[in-house]
Each structure stands twice: as structure tokens, then as C-alpha cells.
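Participant: Quick one: the structure is below, and I'll ask about it shortly.
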């Protein structure tokens, strides 16, 4: 069987850099440092109970809780430490922010400071760790200030459209790194024999149409009317307004959901709801919604709050939560359209008797 020549991540980044002759190389080096962190986390995840990193962090004192109010897993803390240790030293970063840290992380004084900011969720879907379901890491790269002062929260409050790059690592049957540097989306698979990420899915495109949607149906009673309408129509199948059958998926790991949608299309909905009125959504804008949003948009898909484009939202706080809908372009635009249309009254307890349009689309 003939061998297939696949570029490594390093080769890919060098080719990208050649489009910008004046580039310093710091950006490429930062991406490679992030990839090393992801390799280390993949190794820890793959060892499971054998590695001694399963269960809750500080379980002997009742467990520790992060700024989100969530109980931290041991691998959450380990993954956060790995990201910091692999990226703080090289002089590419001005500072970092993470789901697992209340405040921005300052680069230690013994290391030079760079011009980029790194924002990350070190281990997305960590509630699935103990049952061996795919988890991942999500990251976003922003431009920092040109001075050498300590970073502030305000430095990170940039719209998603201002991201320099975004990506995620998926720790599943294979370890994959999916990135965009503003020129499409590309997937790399970790070759354990050589220890390198190899380009396996260049120029990924999300199909504009789909027959799959992903949503946590247990929250149905808290959904807003446009989301209820959308899901009811999908569930009605061929006999309903959509005139086609849909499949419903839910993994509870956004990285895994995003990867499935990138590979074969679909739409993911984690909308704002009324379950907790104090939270305008469940997912975090800076290190979940924005990087996944950039990836989807670069792959020809769409990302939205359900009402407005995700990448145009102005952040107001470091750990801001938001509703998120992303995936196949035509489906996301339909959800946005439903939010703009006047909501007809209907008997929510019996969707079989919901109003139906004479004109199906």
C-alpha cells in the first residue's frame, strides 16, 4: 500500500507563515506550544484510572469549586496546569485566562512577555471523564497590548471577530487538533508513532443543510418560544412543517458535538432559558462560544446567540455566559428568524395542536 504524505502541524504553520513575510514566528511557536499541551492532556486522559487522576479535585476535603460554581475534577486542574506550564515560558504571551481561574493569569517575572493573549477551557466536558466519553480542550488567541504592564480583565474583553486563531483538541478514539488561523478550518490527527499532529482533514466545510440537531431535551420546559417551535418542528418529521425527519443527538461534551457537526453537519443548541434567570446562558462566551463560533464561521457554518451573530457580541466580563446555537448555516439562520417573528399563541402542553402554516418550507 502506497504511503500517503501528510504535512505535520509544523509544516502547515510554516506554509501559512510564508503568506506573511514580515511575521516574527511567535504565533507559530505559540500554536505549537498549545499542541504540546494537548498531547500531554491526551496522555493523561487516555490513562484513566491507571494514571491516578480520576475523580474530584481535593475530594478529601469535599472537593474544590471553580469560579463557575462547578466541582473541579482532578483532570480539570491538571489540564489547566499543563496549559500554563507549556505556554508561559516562551515569551509569546502577555497573559492568559481560563475557566478554572477567577482572574487573568500574569506571566511570571522571570519570563519575557509577548503580544498575544490565550483564553482556554482546559478540559471541556469533564463531567464525562468518569464514564469514558470523549472530552476536549478549547482555546482562543487574541492580540494583547504592546506594553509590558500586567494584563487586566478589560484586555480580554474582545469580540469574537477579533480572534487571531481558535481551535480545540478532541480526546476520543483518536486525538485530534482542529484549528483555524483565519484561513479555513483544518483537522490534524495525532500520530503516536512519530509524536506529531498530521494534517488529515484540510479545508473542512460544514454542510449548509442537515437532518440532525443536538439539544438537552430535559430543559424543554425552560425554553423560549422560538426554540420550542424549532424543536417541535424537527420532531414532527415528514408530516410536520419541515417535511423531513430529523435525528436528535446529545453528548454533553461541546467539543464532541462541534466535531460531529464539522464532519457531517448538524446544529447544536444550548440556548438561553428560564431555568436560572440570573444566567443569560450556560456556555462561556470568551473560551467556549467565541472559539467554537470562529471555527464554525471559518468552515462555512454559522454561530449565533439565537438572535445575533456570536462573533459580534461585545463581552462585558471574563466569565460571561451566553446562549449558543451553531452548525449548518441554514438551520442556525432559521432559529434566528424564529426569534424575529411574532410568536403565535399555542397550547404548549400539546404540540400536536400547534398552529401550522399552509406554506411549508
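The values are calculated or read from the model by the stated rules, or taken from the named source; none is laboratory data. Bear in mind the structure is a predicted one, so any value in this text is a computation, not a measurement. When we count neighbours, we look across all protein chains shown, and the Cβ atoms used for this are built from the backbone with ideal geometry, even at glycine.
Participant: Has segment 98-108 got at least one residue that is over 27 Å from residue 279 (Cα atoms), modelled with pLDDT of 95 or more and surrounded by fewer than 21 Cβ atoms within 10 Å (Cβ to Cβ)? Walk me through how you get there before you give the answer.
Facilitator: Let us first name the residues in segment 98-108 that are over 27 Å from residue 279 (Cα atoms), namely 106-108.
With modelled with pLDDT of 95 or more added as a condition, the list becomes 106-108.
Okay, now just the ones that are also surrounded by fewer than 21 Cβ atoms within 10 Å (Cβ to Cβ), so 106, 108.
Within segment 98-108 (the criterion being over 27 Å from residue 279 (Cα atoms), modelled with pLDDT of 95 or more and surrounded by fewer than 21 Cβ atoms within 10 Å (Cβ to Cβ)), the answer is yes, since at least one residue qualifies.
Participant: Give me the pairs, please: first residue somewhere in segment 146-160 and touching a residue at least 24 places away in the same chain (Cβ under 8 Å), second residue anywhere and assigned to a helix (DSSP H, G or I) and surrounded by fewer than 20 Cβ atoms within 10 Å (Cβ to Cβ), beta-carbon distance under 8 Å, and either six or more positions apart or on two chains.
Facilitator: Final answer for the pair search is 159/311; 159/312; 160/311; 160/312.
Participant: Also: Among the numbered criteria (1) modelled with pLDDT of 95 or more; (2) within 15 Å of the chain's Cα centre (by Cα), which single criterion is violated by residue 134?
Facilitator: (1)
Participant: Another question, then. One residue is enough: does segment 293-300 have a residue meeting the conditions surrounded by fewer than 24 Cβ atoms within 10 Å (Cβ to Cβ), without any contact (Cβ under 8 Å) to a residue 60 or more places away in the chain and not in a loop (DSSP other than H, G, I, E, B)?
Facilitator: yes
Participant: Considering only segment 190-210, state which residues are assigned to a loop (DSSP other than H, G, I, E, B) and more than 18 Å from residue 139 (Cβ to Cβ). Walk me through it before giving the result.
Facilitator: As a first pass, look at segment 190-210 and keep what is assigned to a loop (DSSP other than H, G, I, E, B): 192-195, 202-210.
If the condition is that a residue be assigned to a loop (DSSP other than H, G, I, E, B) and more than 18 Å from residue 139 (Cβ to Cβ), then 192, 193, 194, 195, 202, 203, 205, 206, 207, 208, 209, 210 are the ones that fit.
Participant: I've got another one for you. What's the number of the condition residue 270 fails, among (1) surrounded by fewer than 19 Cβ atoms within 10 Å (Cβ to Cβ); (2) within 20 Å of residue 126 (Cβ to Cβ); (3) touching a strand residue (DSSP E or B) at 6+ places or on another chain (Cβ under 9 Å)?
Facilitator: Residue 270 satisfies all of (1) surrounded by fewer than 19 Cβ atoms within 10 Å (Cβ to Cβ); (2) within 20 Å of residue 126 (Cβ to Cβ); (3) touching a strand residue (DSSP E or B) at 6+ places or on another chain (Cβ under 9 Å) except (1).
Participant: Being within 20 Å of the chain's Cα centre (by Cα) and assigned to a helix (DSSP H, G or I) is the filter here, so list the residues in segment 139-164 that pass it. Give the steps one after another, and end with the answer.
Facilitator: Let us first name the residues in segment 139-164 that are within 20 Å of the chain's Cα centre (by Cα), namely 139-143, 156-164.
Answer for segment 139-164, where residues must be within 20 Å of the chain's Cα centre (by Cα) and assigned to a helix (DSSP H, G or I): 156, 160, 161, 162.
Participant: State all residues of segment 87-109 that are in contact with a helix residue (DSSP H, G or I) (Cβ under 8 Å, 6 or more places away or on another chain) and not in a loop (DSSP other than H, G, I, E, B); if no residue qualifies, say none. Let's see the steps before the verdict.
Facilitator: First, the residues of segment 87-109 that are in contact with a helix residue (DSSP H, G or I) (Cβ under 8 Å, 6 or more places away or on another chain): 87, 90-101, 103-105.
Within segment 87-109, 87, 93, 94, 95, 96, 97, 98, 105 meet the criteria.
Participant: Can you tell me which condition residue 113 does not meet? The list is (1) touching a residue at least 40 places away in the same chain (Cβ under 8 Å); (2) surrounded by 20 or more Cβ atoms within 10 Å (Cβ to Cβ); (3) within 25 Å of residue 182 (Cβ to Cβ), and all the others hold.
Facilitator: (1)
Participant: On to the next question. Yes or no: residue 314 in contact with a helix residue (DSSP H, G or I) (Cβ under 6 Å, 6 or more places away or on another chain) and either at pLDDT below 95 or part of a loop (DSSP other than H, G, I, E, B) (or both)? Can you show your working first?
Facilitator: On the way: in contact with a helix residue (DSSP H, G or I) (Cβ under 6 Å, 6 or more places away or on another chain): no; either at pLDDT below 95 or part of a loop (DSSP other than H, G, I, E, B) (or both): yes.
Judged against the criteria, residue 314 is not a match.
Participant: Suppose we keep only residues that are closer than 26 Å to residue 124 by Cα and either assigned to a loop (DSSP other than H, G, I, E, B) or in contact with a helix residue (DSSP H, G or I) (Cβ under 6 Å, 6 or more places away or on another chain) (or both) within segment 238-265. Which one would you say is modelled with the lowest pLDDT?
Facilitator: Of the residues in segment 238-265, the ones closer than 26 Å to residue 124 by Cα are 247-265.
If we keep only those that are either assigned to a loop (DSSP other than H, G, I, E, B) or in contact with a helix residue (DSSP H, G or I) (Cβ under 6 Å, 6 or more places away or on another chain) (or both) as well, we get 250-253, 258, 265.
Values: 250: 93, 251: 91, 252: 88, 253: 91, 258: 97, 265: 96.
Only one residue tops the list, namely 252.
Participant: Which of the following residues is part of a loop (DSSP other than H, G, I, E, B) and in contact with a strand residue (DSSP E or B) (Cβ under 8 Å, 6 or more places away or on another chain): 136, 167, 187, 182? Even if it seems obvious, please write down each step before you answer.
Facilitator: On the way: 136 fails: part of a loop (DSSP other than H, G, I, E, B); 167 fails: part of a loop (DSSP other than H, G, I, E, B); 187 fails: part of a loop (DSSP other than H, G, I, E, B).
The conditions single out 182.
Participant: Suppose the filter is surrounded by fewer than 24 Cβ atoms within 10 Å (Cβ to Cβ) and part of a loop (DSSP other than H, G, I, E, B); does residue 275 pass it?
Facilitator: Details: surrounded by fewer than 24 Cβ atoms within 10 Å (Cβ to Cβ): yes; part of a loop (DSSP other than H, G, I, E, B): yes.
Yes; evaluated as a whole, the condition is true for this residue.
Participant: Here are some conditions: (1) in contact (Cβ under 8 Å) with a residue 40 or more places away in the chain; (2) part of a helix (DSSP H, G or I); (3) crowded, with 17+ Cβ neighbours inside 10 Å. Residue 234 meets all but one. Which one does it not meet?
Facilitator: (1)
Participant: Still on this structure, I have one more. Please find, among 142, 235, 177, 157, the residue that is more than 19 Å from residue 292 (Cα to Cα), in contact with a helix residue (DSSP H, G or I) (Cβ under 9 Å, 6 or more places away or on another chain) and at pLDDT 95 or above.
Facilitator: Details: 142 fails: more than 19 Å from residue 292 (Cα to Cα); 177 fails: more than 19 Å from residue 292 (Cα to Cα); 157 fails: more than 19 Å from residue 292 (Cα to Cα).
Going through 142, 235, 177, 157 in turn, just one is more than 19 Å from residue 292 (Cα to Cα), in contact with a helix residue (DSSP H, G or I) (Cβ under 9 Å, 6 or more places away or on another chain) and at pLDDT 95 or above: 235.
Participant: Just one of (1) surrounded by fewer than 14 Cβ atoms within 10 Å (Cβ to Cβ); (2) without any contact (Cβ under 8 Å) to a residue 60 or more places away in the chain trips up residue 191, so point out which.
Facilitator: So residue 191 meets the others, but not (1).
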